[in-house]
């Protein structure tokens, strides 16, 4: 009888082990669908997007790794979910100021830490091309921010040319073309066309500097929505502030009032081109310490 019970226990233990091993074999690491970014403009932060899913329905974490050299230890930046399977992470503008390329890959973990990685991808960093002859450009200042886990880059302001009629600019990894005769602003607001309406996911780098002092910069993820009625809305472009304004043609302006110790305003000017928003930040505020000037850029891609 003892022998029988002992054999039964061994059999049950073996069965449990077999079921556990089978379950472990059945678990698959997350699936990452990603369109590699191949080119970006110096002085602009780069937003990396990926669609990440798992057979268990739970993605534990997603991380963006980036480095100027594949032989060096990469910086790491947690990627955030937009509330669906779309994740986004940012390579700060500061690490791009003095390199000709940057390499990156994405890692995702599921609930049991099964990992999936993309291959390394390399982004060519380009200086802004000169505009076409006769085309006017509108400069958008951008300042570098300190990458996580590494030394800060050059924090001097970098000027990039905005898209001009008939000219092309490379922004955040996408080649954006402005149609001649189209995309201009209008004096009257109106409904957004089918291409503009939707939710855009990206990042913003905002800098402020006290007159005569050094710049302080902050980067974070953003969500911008454009309704079918042509209203642009965001409560993350400036953290803690709900912004709203009309879309005029392909352009919009959102204004945040600065109150409290300082008084003034910060202006977010954006343009919708080819399923993407690109924008610049200007403004100023005054306090007992003096005048503070705001600058920066933001980019977002339609979800």
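Numbers for the structure displayed
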read-out	value
Highest-first arrangement of 110-117, 64-71, where packing means the average Cβ count within 10 Å	64-71, 110-117
Spatial separation of Cα centroids for region 230-259 and region 42-118, in angstrom	28
Inter-label distance for residue 241 and residue 262, nm, one decimal - labels placed 7 Å from Cα along Cα-to-Cβ	1.0
Calculated over region 19-124: convex hull of Cα atoms, volume per residue (Å³)	98
Using distinct alpha-carbon pairs, which all enter the 1/r mean, Kirkwood radius of region 212-303 in Å	14.1
By average C-beta atoms within 10 angstrom, highest first, the peptides 45-52, 257-264	45-52, 257-264
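The numbers here are math on the coordinates, done by the rules we state, and not lab data. Here the structure is a predicted model, which is why all the values come from computation and not from measurement. Ideal geometry is used to build each Cβ from the backbone, glycine not excepted, and the neighbour counts take in all protein chains shown.
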